[in-house]
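Written below as structure tokens is the structure these notes are about.
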Amino acid sequence: MHQFNSEVEELAKEVLEYSLLRLRTDPPLDGPKTEEELFNLVGNTITENGLGGHQALKLFKDVLAKACISTDHPRYLAFIPSAPSEFANLFDLVVGASALYGGSWLEGAGAVYAENQALKWIADLANMPKGCGGVFVQGGTIGNLSALVTARNTFRSKRKDVSRWVVAASSDAHSSIKSAAEVMDIGILLIKPDKDGSLQGADCEIAIDKYHRENPNHQVFALVATAGTTNLGIIDNLKSIAKCAKDREIWFHVDGAYGLAALCAPSVRPLFDGIELADSFIVDPHKWLFAPFDACALIYRNPKLAKKAHLQKAAYLETLDEDNEWNPSDYAIHLTRRARGLPFWFSLAAHGTLEYAKAMEKTMDVAKDAARQVREHPNLKLLIEPTLSIVAFERIGWNIADYENWSDKLLSDQIGFVTPSSHNGRPILRFAIVNPWTNPSDISEILATL
Ligand SMILES: *Cc1c(COP(=O)(O)O)cnc(C)c1O
């Protein structure tokens, strides 16, 4: 029988106490140390006889954890922060305590059922047709790659005369699209967005047709639209891009890793019209849907095509392939997988979807208020009105070194974490607001240092 001895019993108390303290109190901002500093503080931790649970946990609590920035701190506004709900974090403890296998229905039916319900909520918000489906993968990078591999596989069987497969996307598309093209050893056609940074179908038509005329043996097989760019939160014109793709029998993929979370927010839902035409799309619940790392929802219009591309064949796996059973492993580049969608599912099931819409609207209200504060600030210039929840601006008169020094000091003073970015070759600052615990006063506190 599985029973704790007294050492494990003690450690269980300590671990739960630490976890609950972390969840119950305001997260510390903290910050990195050099490897040398860490070595001086903790030394070698892997030893023949082990440190014991108490000591290893102590090293983590006292040193290692403090050398990690809390991505859910309300003034962590760099990159895309995270803001897991309390329910989602608590349920992650349950997932961690249960040896769940999320790859197959046979082994994880209950977990897969729950994950699929959460995926269905997202698919329904996007008005995807019946029969659509997908899987939670590690992040947007793997989601985009898996979708593009499915797209290429779908067309490769039909066309033997193609010497180079090509994906088309906005020149402002996320770096993961370029990385997917590298991994797949395919070409990439970058199309310039309009003056507001939004890719338009008409420009895609011109660019793709010109490319095909000039490269007769090349074939653009997928067109990627971004629903909320990471830098500025700009949404491409999904409807017109979908039409461009359909007219040319090209796969239409939407990268909404950050932005598509706002499908559940009534105030901005119309901006995503056209998403219902996607052949595949992704959204990261670990970004703006209050789930812990790492979870990206990847959804296909026709999941059978994904299974054709991704199903792994091996003698020992044959028993898993039953027609009426949903094996999440079959829909992306992975086999073994953690049931990583469960913390998101639990929070969604427990809170209800209205709570999600409310939290989402709150972050966008705070972003609007932040834009107002920037506009009224004598030293700052707002770059554009925020579409979603990213606020980008310039500090008048500063060069990149000034921005970097300011950013370093903001962190070392433990006020906040905001890193410089750039736009049209000029350094800028941006706040990415995805945390419902971020308030206008947090924004004022940061702006007061500018
Ligand atoms: C963050 C992001 C990605 C990559 O997602 P990861 O989860 O970091 O792999 C892809 N596309 C967009 C638009 C993003 O914002």
> Which shape class, rounded, prolate or oblate, goes with segment 123-252 when its Cα gyration tensor gives a ≥ b ≥ c as root eigenvalues, a/c under 1.5 marks rounded, and past that a/b bigger than b/c marks prolate?
Replying inline: rounded
> Residues of segment 1-22 with amide nitrogen under 18 Å from the 7 Å Cα-to-Cβ point of Leu59?
Replying inline: 11, 15
> Taking the mean number of other Cβ atoms within 10 Å as a proxy for protection, how do you rank 220-230, 10-20 from highest to lowest?
Replying inline: 220-230, 10-20
> To the nearest 10 square angstrom, how much accessible area does Ile142 have with a 1.4 angstrom probe?
Replying inline: 40 Å²
>> Could you work out the percent of alpha carbon pairs in segment 266-336 separated by over 20 Å, rounded to a whole number?
In response: 46 percent
> Taking every pair of alpha-carbon atoms in segment 94-351, what share in percent sits in each 10 Å bin, from 0 to the bin with the longest distance?
Replying inline: 7, 33, 35, 19, 6, 0
>> Counting only other residues whose beta carbon sits under 9 Å from that of His73, what net charge do I get with K and R as +1, D and E as -1?
In response: -2
>> Here is the link list: Lys362/Lys409; Lys210/Lys246; Lys58/Lys287; Lys158/Lys304; Lys120/Lys304. Which ones come out longer than 22 Å on Cα distance?
In response: Lys362/Lys409; Lys58/Lys287
> How much mean residue ellipticity at 222 nm does the chain get from its helices, if each DSSP H run of length 4 or more adds -39500 (n - 2.57) and you divide by all residues, to the nearest 500 deg cm²/dmol?
Replying inline: -13000 deg cm²/dmol
> Principal axis lengths of segment 2-130 from Cα atoms, whole Å, largest first?
Replying inline: 57, 44, 26
> Can you give the net charge of the other residues whose Cβ lies under 12 Å from the Cβ of Asp369, counting K and R as +1 and D and E as -1?
Replying inline: +1
>> Relative to 2.2 N^0.38 Å, what does the C-alpha radius of gyration of segment 1-68 come to as a ratio? Two decimals please.
In response: 1.31
>> If packing is taken as the average count of other Cβ atoms within 10 Å, what order do 110-119, 291-300 fall into, highest mean first?
In response: 291-300, 110-119
> From the cross-link list Lys130/Lys178; Lys192/Lys308; Lys130/Lys307; Lys130/Lys160; Lys239/Lys368; Lys195/Lys358, which pairs have alpha carbons spaced over 24 Å apart?
Replying inline: Lys130/Lys178; Lys192/Lys308; Lys130/Lys160; Lys239/Lys368; Lys195/Lys358
> Restricting to the chain, what percent of DSSP beta bridges are antiparallel, rounded to 5?
Replying inline: 50 percent
> Across bins of 10 angstrom width beginning at 0, how are the C-alpha pair distances of the chain distributed, in whole percent?
Replying inline: 4, 19, 27, 26, 17, 6, 1, 0
>> Using the Karplus curve 6.51 cos²θ - 1.76 cosθ + 1.60 with θ = phi - 60°, what ³J(HN,Hα) values do you get for each residue of segment 108-117, in whole Hz, with x for Gly and Pro?
In response: x, 3, x, 5, 5, 4, 5, 4, 5, 5
> How would you order 38-51, 413-426 from highest to lowest mean count of nearby Cβ atoms within 10 Å?
Replying inline: 413-426, 38-51
> Suppose R0 equals 22 Å; then what is the FRET efficiency for Glu318 and Ser98 from their Cβ-Cβ distance, rounded to the nearest 0.05?
Replying inline: 0.25
> Taking only the alpha-carbon positions of segment 370-450 and ignoring solvent, what does the Debye formula give for the base-10 log of I(q)/I(0) at q = 0.19, 0.25 Å⁻¹?
Replying inline: -0.81, -1.47
> How much of the DSSP beta bridge set in segment 105-248 is antiparallel, as a percent to the nearest 5?
Replying inline: 10 percent
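The values are calculated or read from the model by the stated rules, or taken from the named source; none is laboratory data. None of these values were measured; they are calculated from a predicted model. All Cβ positions, glycine included, derive from the backbone under ideal geometry; neighbour counts span all protein chains shown. Just the protein is used for accessible areas: all its heavy atoms, side chains included, with ligands, DNA and RNA removed. Shrake-Rupley method; radii C 1.70, N 1.55, O 1.52, S 1.80 Å.
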